[in-house]
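For reference, the structure is listed below as structure tokens.
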Amino acid sequence: MRKIILILVTCLISMTSFAGIIDGGDVNENIQWTLTISGEGDIPPHFRWEFAESFVKKIIIENGVISIGQYAFNYFSNLNSVQLPNTLQTIEQDAFSYCSSLIEIEIPASVINFAPRAVADCNKLETITVNWQEPPSLTDYWFGKMNLESCSLIVPAGTKELYEKAYVWKEFQIIEKTNTAIHGTICQGDSYPFDNQNLTVSGVYSTFDAYGTVTLYLTVNPSFQTTINKIIYVGDSFSSNGFSLPPQPQPCFITDSLFISTTFGCDSVVILNLIVIPKAETTPSENSAVISWQPIEGATGYKLIIYSDIERTNIIRIFYFDADGNIIPDEDSDEFRSGAVEGFSYQIDDLTAGTIYYYTLTAFHDDEVIAEQEGSFETADDSTVLNDIKENSTIKIYTVNETIFIENAQRENIAVYDVQGQLIASARGVNGAFKAVVPQAGVYLVRVGVEVRKVIIN
């Protein structure tokens with residue numbers, strides 16, 4: 001027969017412990033004794049524990065033990081709880097009978113022989129936990145004369161109905177174990193309390209209690225810090241990532257920060273560095289126009305596209321410039337190599353007089369667009385005379401606040417420009433009245449047909 005190789009009895013007094021075989025003598029009722037049994041084999045029947053029956057309050061039987069013999073622990077009058085190993089296969093008759101202080105015991109699923117009266121006449125027993133998927137067959141008085149109705153029987157998840165139909169087992173108050181899943185979410189820097197721990201890392205965590213398994217699926221969402229470096233032009237507005245700025249009237253540098261909640265609910269900070277620079281200036285003449293722009297820090301190149309339509313679908317010119325604003329020659333066309341004035345300024349030749357052109361000027365850092373603006377200009381007509389609306393003309397031009405009104409136009413083409421040559425408003429074939437709202441006070445040029453008038457708005 002296999003034998004148990006170590007029996008350890010530990011006395012706990014005010015958090016101080018010592019070990020040894022109990023040999024009798026006076027016992028203080030406040031002393032907490034734990035009987036620990038380790039090794040491989042069987043605990044023999046009728047084993048004598050040298051007075052341990054009177055004062056051991058907890059029994060721990062470690063893995064390796066496969067059988068508990070008959071009467072091994074009966075009449076342990078102060079025993080409160082028992083911890084049995086997963087290697088245990090047999091609990092013999094009266095192994096734990098008449099343990100009058102026993103409160104709880106759990107029978108491992110490995111037990112295949114649960115003998116009659118293995119746990120019997122333990123009248124203070126409150127909880128028995130079993131781990132069998134199917135209840136073993138029992139007969140009358142298997143638990144002695146215990147009042148089973150006052151004792152809870154905890155059974156595996158999904159087996160409650162089987163135990164409720166099983167003879168003897170059905171007399172208990174049956175509680176089914178549950179497998180509970182918890183999905184937890186915290187923000188980076190926070191912690192999640194679980195199983196006496198404060199968790200800070202995403203993962204799957206499990207714990208066990210008398211009523212089943214609790215599994216936590218924890219997600220730790222990051223908190224972000226985002227920096228937005230943006231360039232816009234005078235007159236442009238900006239809206240992104242929670243920022244909303246109206247059109248900027250003059251060049252400036254704006255820095256700001258926002259605390260926002262992400263889609264995960266974690267506070268994040270967004271820092272905005274916004275540079276407002278002047279728009280390009282256009283100086284048109286009859287058959288050409290000069291476009292000048294301010295260099296942009298960090299730009300490695302620029303692209304200028306000239307269109308003939310406001311939808312910007314019909315391209316008539318494309319120019320490329322280096323970081324210093326010097327044109328990059330097009331090897332396939334001599335036409336595109338002419339017209340340079342100086343860095344960040346370019347004259348476009350061979351344009352049609354009296355025509356509105358549209359352009360897009362883009363600044364790049366390598367392949368990334370860092371700024372882009374759109375504009376338009378109109379080449380002069382050879383009959384255009386500044387400030388010359390004839391004395392006998394029926395055309396009437398006047399202003400109210402920041403609106404320019406034009407009346408008595410006779411199927412005329414009308415255009416309104418600022419002093420930099422930027423087109424503010426235009427219409428073709430106007431017969432009657434036309435009005436244009438300008439962005440701010442200043443000097444504007446109003447062209448009606450071939451006649452031009454300067455208008456000042458205070």
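Residue-level check: of (1) under 55 Å from the mean Cα position of the chain (by Cα); (2) modelled with pLDDT of 85 or more; (3) not assigned by TED's automatic domain parsing to the domain that holds Asn314, Asn413 misses just (1).
With the structure loaded, tell me whether Thr159 is crowded, with 19+ Cβ neighbours inside 10 Å, at pLDDT below 95, in contact with a strand residue (DSSP E or B) (Cβ under 9 Å, 6 or more places away or on another chain) and of a type in the set (Ser, Thr, Tyr) or whether it fails that test. Taking the combined requirement at face value, the residue satisfies it. Of the residues making up the stretch 190-233, just one is at positive phi and polar (S, T, N, Q), namely Asn196.
Conditions tested, residue by residue: (1) hydroxyl-bearing (Ser, Thr, Tyr); (2) under 16 Å from Ala72 (Cα atoms); (3) part of a loop (DSSP other than H, G, I, E, B); (4) touching a residue at least 60 places away in the same chain (Cβ under 8 Å).
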| residue | (1), (2), (3), (4) |
| --- | --- |
| Ser100 | yes, yes, yes, no |
| Ala109 | no, no, yes, no |
| Ala118 | no, yes, yes, no |
| Asn123 | no, no, yes, no |
| Thr129 | yes, no, no, yes |
| Trp132 | no, no, yes, no |
| Thr139 | yes, no, yes, no |
| Phe143 | no, no, yes, no |
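Within the stretch 125-134, does at least one residue satisfy the condition of being farther than 25 Å from Ile37 by Cβ and loosely packed, with under 14 Cβ neighbours inside 10 Å?
Yes, because at least one residue in the stretch 125-134 is farther than 25 Å from Ile37 by Cβ and loosely packed, with under 14 Cβ neighbours inside 10 Å.
A count restricted to the stretch 145-179 and to residues that are within 46 Å of the chain's Cα centre (by Cα) and not in a helix (DSSP H, G or I) stands at 15. Of the set (1) crowded, with 17+ Cβ neighbours inside 10 Å; (2) within 25 Å of Ala95 (Cα to Cα); (3) not acidic (Asp, Glu), all apply to Tyr205 but (2).
Yes or no, residue by residue, for (1) in contact with a strand residue (DSSP E or B) (Cβ under 8 Å, 6 or more places away or on another chain); (2) within 18 Å of Ile370 (Cα to Cα); (3) surrounded by 15 or more Cβ atoms within 10 Å (Cβ to Cβ); (4) of a type outside the set (A, V, I, L, M):
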| site | (1), (2), (3), (4) |
| --- | --- |
| Val269 | yes, no, no, no |
| Leu272 | yes, yes, yes, no |
| Val290 | yes, no, yes, no |
| Lys303 | yes, yes, yes, yes |
| Ile310 | yes, no, no, no |
| Asn314 | yes, no, no, yes |
| Ile318 | yes, no, no, no |
| Ile327 | yes, no, yes, no |
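For Lys145, the conditions (1) farther than 22 Å from Tyr217 by Cβ; (2) outside the structural domain of Pro108 (by TED's automatic domain parsing) are fulfilled apart from (2).
Can you find even one residue in the stretch 113-130 that is more than 22 Å from Asn86 (Cβ to Cβ), touching a helix residue (DSSP H, G or I) at 6+ places or on another chain (Cβ under 9 Å) and β-branched (Val, Ile, Thr)? No.
Would you point out the residue of the stretch 343-372, among those that are at positive phi and more than 47 Å from the chain's Cα centre (by Cα), that is modelled with the lowest pLDDT? The extreme case among them is Gly354. Against the conditions (1) within 18 Å of the chain's Cα centre (by Cα); (2) surrounded by 14 or more Cβ atoms within 10 Å (Cβ to Cβ); (3) part of a strand (DSSP E or B), Ser223 satisfies every one except (3). Among the conditions (1) assigned by TED's automatic domain parsing to the domain that holds Glu368; (2) on the phi < 0 side of the Ramachandran plot; (3) at pLDDT 80 or above; (4) not in a strand (DSSP E or B), Tyr302 misses just one, which is (4).
Tallying residues that are touching a residue at least 60 places away in the same chain (Cβ under 8 Å) and surrounded by fewer than 16 Cβ atoms within 10 Å (Cβ to Cβ) within the stretch 408-442 yields 3. Within the stretch 61-78, being within 52 Å of the chain's Cα centre (by Cα) and either part of a strand (DSSP E or B) or among the aliphatic types (A, V, I, L, M) (or both) holds for Ile61, Val65, Ile66.
Within the set Ile175, Ile112, the sole residue that is surrounded by 13 or more Cβ atoms within 10 Å (Cβ to Cβ) and at negative phi turns out to be Ile175. Of everything listed in (1) at pLDDT 95 or above; (2) not assigned by TED's automatic domain parsing to the domain that holds Thr129, the single unmet condition for Ile91 is (2).
The values are calculated or read from the model by the stated rules, or taken from the named source; none is laboratory data. This one's a predicted model, so the numbers in the text were calculated from it and none came from an experiment. Counting neighbours? That spans all protein chains shown, and the Cβs are built from the backbone with ideal geometry, glycine included.
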